[in-house]
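Here the structure comes first, spelled out in structure tokens, and everything after it is commentary.
The values are calculated or read from the model by the stated rules, or taken from the named source; none is laboratory data. From a predicted model like this one, the values you see are computed outputs, not experimental measurements. Every residue, glycine among them, receives a Cβ derived from its backbone with ideal geometry; neighbour counts consider all protein chains shown.
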Amino acid sequence: MEHSSTSQPFDPKSSPQKSNVRSSIRPALNKSKIDDVRVTWPRTGLGPPILFTNIDIRRMLHLANAGPRDIFYDLGCGWAQNLIIAATEFNVKKCVGIERDKRRYHKAVQRVKRRNLSSRVRIIRGNFEDMVDGALRDENINEATMVFYGLSTSADFLERLSDKMRKRACLLYYYNTLFPEIKADSMDYPFYLSKHPFSKPTSEQDWLASIVRKEKSSFNSDRGPSAGELWDELTHDYDYWGLRSEVGRYKARLRRILRGET
Ligand SMILES: C[S@@+](CC[C@H](N)C(=O)[O-])C[C@H]1O[C@@H](n2cnc3c(N)ncnc32)[C@H](O)[C@@H]1O
């Protein structure tokens with residue numbers, strides 16, 4: 001699974017809405033600064049330009065305890081909604097979004113300007129892989145205290161990201177884009193937070209417990225669930241999103257880690 005914009009797991013609302021090719025191209029801003037866009041996207045395979053409701057975004061930022069001392073990076077920022085909420089409601093000191101798609105980049109810049117946030121919210125046009133690999137000069141992900149990543153994951157990408165992140169910074173991600181290589185330190189569904197330096201799982205059960213958070217077995221409520229039961233839970237819930245096959249990939253990656261192969 002590639003961590004590119006064409007892969008699926010980041011996209012719970014997988015079918016692009018009809019008739020809206022133009023609405024994501026044209027500015028078409030309404031008068032309202034809150035309800036300023038129609039969240040629609042053409043059949044580009046990029047996924048939604050705004051992934052979460054504002055209620056969800058606040059939940060994520062509360063999970064990270066976001067505040068005025070934070071620097072927040074969104075890797076693949078779409079229309080910058082996460083950054084806008086972080087800056088306007090959580091008073092986050094500096095927000096940086098990187099977006100590869102030209103139209104989305106321009107829309108994000110326009111939305112930030114319209115809210116007079118340009119001094120605190122910076123949108124960069126580019127590939128976040130280059131940023132993670134230190135190939136972009138202007139911003140350094142090492143300054144981030146919080147990083148949101150909501151695309152397909154891989155062990156290689158995590159390692160490169162981890163090398164660049166500073167100690168005690170939070171990696172925020174969500175249920176559809178898990179990292180079997182590390183444990184989640186906290187969660188508020190659908191969001192997870194892993195604090196740098198990341199904790200590696202010691203067993204399948206150890207990782208699954210940090211993700212699924214099921215406390216009692218369905219078969220014996222005096223016991224916690226077995227690893228098999230937790231895999232089944234994860235598969236069931238991924239099936240809900242139409243992403244069942246991802247679980248097999250997570251399992252293979254986790255087993256590789258536990259065998260010390262990566
Ligand atoms: C599903 S959207 C999420 C937008 C935003 N992070 C949010 O939560 O609302 C993911 C965005 O990442 C962008 N993207 C995908 N791969 C990228 C890459 N390698 N570099 C920069 N942006 C990328 C896509 O164009 C898309 O707009």
| said: Quick check on this structure: which one of TYR175, TYR189, TYR149 is touching a Phe, Trp or Tyr at 6+ places or on another chain (Cβ under 8 Å) and surrounded by fewer than 17 Cβ atoms within 10 Å (Cβ to Cβ)? | reply: TYR189
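Listed here are the residues, each with its yes/no results for (1) more than 18 Å from the chain's Cα centre (by Cα); (2) closer than 25 Å to ARG160 by Cβ; (3) hydrophobic (A, V, I, L, M, F, W, C); (4) not assigned by TED's automatic domain parsing to the domain that holds LEU171.
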residue	(1), (2), (3), (4)
LEU63	no, yes, yes, no
ASP70	no, yes, no, no
GLN81	no, no, no, no
ILE84	no, no, yes, no
ARG114	yes, no, no, no
SER118	yes, no, no, no
GLY126	no, yes, no, no
GLY150	no, yes, no, no
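Results for (1) within 22 Å of GLU159 (Cα to Cα); (2) not assigned by TED's automatic domain parsing to the domain that holds VAL147; (3) not acidic (Asp, Glu), shown as yes or no for each residue.
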position: ASP188; (1), (2), (3): no, no, no
position: LEU230; (1), (2), (3): no, yes, yes
position: LEU234; (1), (2), (3): no, yes, yes
position: ARG244; (1), (2), (3): no, yes, yes
position: GLY248; (1), (2), (3): yes, yes, yes
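With the condition kept exactly as written, say whether any residue in region 56-69 is assigned to a helix (DSSP H, G or I), small (Gly, Ala, Ser) and surrounded by 19 or more Cβ atoms within 10 Å (Cβ to Cβ). Step through it out loud before you land on a result.
To start, the set of residues in region 56-69 that are assigned to a helix (DSSP H, G or I) comprises 56-63.
Keeping just the survivors that are small (Gly, Ala, Ser) gives none.
No, that holds for no residue.
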| message | From the list THR53, THR40, THR44, exactly one residue is at pLDDT below 95 and either among the aromatic types (Phe, Trp, Tyr) or within 11 Å of the ligand (Cβ to nearest atom) (or both). Which is it? | response | THR44
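Looking at this structure, is GLY78 under 17 Å from VAL121 (Cβ atoms), within 8 Å of the ligand (Cβ to nearest atom) and either touching a residue at least 24 places away in the same chain (Cβ under 8 Å) or in contact with a Lys or Arg (Cβ under 9 Å, 6 or more places away or on another chain) (or both)? Talk me through it step by step, then tell me what you get.
Values: under 17 Å from VAL121 (Cβ atoms): yes; within 8 Å of the ligand (Cβ to nearest atom): yes; either touching a residue at least 24 places away in the same chain (Cβ under 8 Å) or in contact with a Lys or Arg (Cβ under 9 Å, 6 or more places away or on another chain) (or both): yes.
When the stated conditions are applied, GLY78 passes them.
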| How about region 56-71: which of its residues are within 11 Å of the ligand (Cβ to nearest atom) and closer than 11 Å to LEU172 by Cβ? | ILE57, MET60
| query | Do we have any residue at all in region 151-174 that's touching a Pro at 6+ places or on another chain (Cβ under 6 Å) and more than 26 Å from ARG259 (Cβ to Cβ)? | reply | yes
| Which members of region 103-150 meet the condition of being within 16 Å of the ligand (Cβ to nearest atom), in contact (Cβ under 8 Å) with a residue 24 or more places away in the chain and of a type in the set (Ser, Thr, Tyr)? | TYR149
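Which of the residues belonging to region 39-61 are among the hydrophobic types (A, V, I, L, M, F, W, C) and over 15 Å from the mean Cα position of the chain (by Cα)?
Of the residues in region 39-61, the ones among the hydrophobic types (A, V, I, L, M, F, W, C) are 39, 41, 46, 50-52, 55, 57, 60-61.
Listed by number, the residues that qualify are VAL39, TRP41, ILE55.
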| request: Could you figure out which of (1) touching a Cys at 6+ places or on another chain (Cβ under 6 Å); (2) hydrophobic (A, V, I, L, M, F, W, C); (3) in a helix (DSSP H, G or I) isn't true of PHE72? | output: (3)
| request: Please indicate, with yes or no, whether at least one residue in region 75-97 is of a type in the set (Lys, Arg), farther than 21 Å from GLU143 by Cβ, at pLDDT 95 or above and surrounded by 14 or more Cβ atoms within 10 Å (Cβ to Cβ). | output: no
